[in-house]
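This report concerns only the one structure given below.
Nothing in this text is a laboratory measurement; each read-out follows from the coordinates by a stated rule. Because the structure is a prediction, the values reported are computed rather than measured. Because the Cβ atoms are built from the backbone with ideal geometry, glycine has one as well, and the counts that use them run over all protein chains shown.
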Amino acid sequence: MDFLLAHSSVIIFFAGAVAFLMAWGIGANDVSNAMGTSVGTKTLTVRNAIIIAIIFEFLGSYFAGGEVVSTIKDRVIDSSANIAAVDMILGMVSSMLAAGIWLVLASYFSWPVSTTHSIIGAIVGFGIVSSGLSAIHWDMFTGIVGSWIITPVIAGILAFVLFLHIQRFIFWRYHPLKHAKRFAPYYVFLTILLISVVTIEKGLKHVNLNLTTEESWGFGLIIALVSAVISAVILRYKKFDKTLDVKEHYANVEKVFSILMLMTACAMAFAHGSNDVANAIGPLASVATILTNNGDMSASAEMPWWILPLGAVGMVVGLGTFGYKVMSTVGSGITALTPSRGFAAQLATASTVVIASGTGLPISTTQTLVGAIMGVGLARGIAAINLTIVRNIIVSWVVTLPAGAFFSILFYYIFKLILFYAG
């Protein structure tokens, strides 16, 4: 430990670089999931998606991401395990590096995987080799494995029902454009309400604004109502192609849903930034806290000012440089998406996240969105789904935890060996 404390600045700098790599992986994989439906439906170009991500991911992570981080290690490792400070530092750096590399590999092969499950698998790996099987909260894994099945199914059912509703009350009506403009503000209201409540409840706790459930829903209702009014005004003055026959206004209807998807893409980017940036910076904050407090692991993990911008910038860079691969899988690989189908998937995803948050179920937004997209595809028949892509995605979900653990153990022993010869 004396060697690490003597070179604490170098260690923190290296841990920061590793955290940036993981944030890059989150941007390349997870942020791409949030923007993939918008890009796949051609509502947004890749360039515009990057611009939105830069603005709203940064705002979400910086203003709602938290000034105090309760690191993800506390959800995985039993506090009574008495892991030595040096092992915790090496383990956190190993976990970030392992999760980052797995996310890079998954993004390269266009697999949408869970960043949360990546870092959890990595922390489990070093926790086992450093303190044994008893150091892990194994009951957490029951929820994780269950979420692989439960959340995609819930999201798929909701998306299936939502898209059937859109078909019945909009596309199958005599004047589809008129009905689309009528229902659109209600869709916006529901989507923004759900995303706002999740963001307020999860994000604002980190800045010491502990609102009650009623207060969170109250603020969410206000934000959703304002969003619905804005969408109604936009649609009122939006010009559509009036040369089309009244029964063939489907192109105009899709333009309506393009506007809705643009609004929800901004909201989802903000929500993602506020919630998932901790996957990259939480372990870094833990390392920095231990080193700046002379190895005291009981000190609170107060974040230096530069950590949040580091995570936000890393996610944006990942999206801009490698995000198109996973965007392609999510946006068009599973099933062909139009703005109306993509919106149904986004609304189902937001709804499922709210349901899961209320029950305490540990979920992956990635898996939820994929399940929703599959549900939209099933509404058009099983032939509308690319089963090969779906199979590859499911395999990547199952492999994520052991892959994170394997890489983490490997890097942990490498760092231990380096420290042995350096010290």
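Here are some notes:
- Between the listed residues Gly125, Ile389, Ile195, the Cα displaced farthest toward the positive end of the dipole of the chain, a dipole computed from Cβ unit charges relative to the Cα centre, is found at Ile389.
- Lys, Arg +1 and Asp, Glu -1 on Cβ, resulting dipole of the chain about Cα centre, debye, nearest 20: 1980
- Close Lys pairs in the chain (alpha-carbon distance under 21 Å; sequence gap of 8 or more, or different chains): 24.
- Note, ³J(HN,Hα) from phi for the range 13-21, Karplus 6.51, -1.76, 1.60, rounded to Hz, x at Gly and Pro: 4, 5, 4, x, 5, 5, 5, 5, 4
- With neighbour counts taken as other beta-carbon atoms within 10 Å, the residues Asp78, Asp139, Asp87 rank, fewest first, as Asp139, Asp78, Asp87.
- Vicinal HN-Hα couplings computed from phi for the range 320-330 (Karplus, 6.51 cos²θ - 1.76 cosθ + 1.60; Hz; Gly/Pro x): x, 9, 9, x, 4, 5, 6, 4, 5, 5, 6
- Acute angle (nearest 10 degrees) that the helix 365-378 long axis makes with the longest principal axis of the chain, alpha-carbon atoms: 30
- Cβ-derived FRET efficiency at R0 41 Å, Phe141 paired with Asn293, nearest 0.05: 0.85
- Positive-end residue, the chain charge dipole about Cα centroid, Cβ charges, pick of Val370, Thr321, Ala280: Val370
- Inter-probe distance in nm under a simple model that places probes 7 Å from Cα toward Cβ, at Arg182 and Leu105: 5.4
- Taking Tyr174, Tyr324, Tyr187 and counting other C-beta atoms within 10 Å, the order from fewest to most: Tyr174, Tyr324, Tyr187
- Dipole orientation for the chain: of the candidates Val93, Ala106, Ile154, Ile154 has the Cα lying most toward the positive pole (charges on Cβ; Lys, Arg +1; Asp, Glu -1).
- Under a 5 Å amide H cut-off, with hydrogens placed 1.01 Å from N, Asp78 pairs with Ile136, His137 among residues at least 5 apart or on other chains.
- Each residue of the range 85-99 was assigned a 3J(HN,Hα) from its phi angle through the Karplus curve 6.51 cos²θ - 1.76 cosθ + 1.60 (θ = phi - 60°); the sequence is 4, 5, 5, 5, 5, 4, x, 5, 5, 4, 5, 4, 5, 5, 5 Hz, with glycine and proline shown as x.
- Theoretical gain in end-to-end length, Ile157 to Ile418 [0.36 nm per residue, Cα-Cα removed]: 88.9 nm
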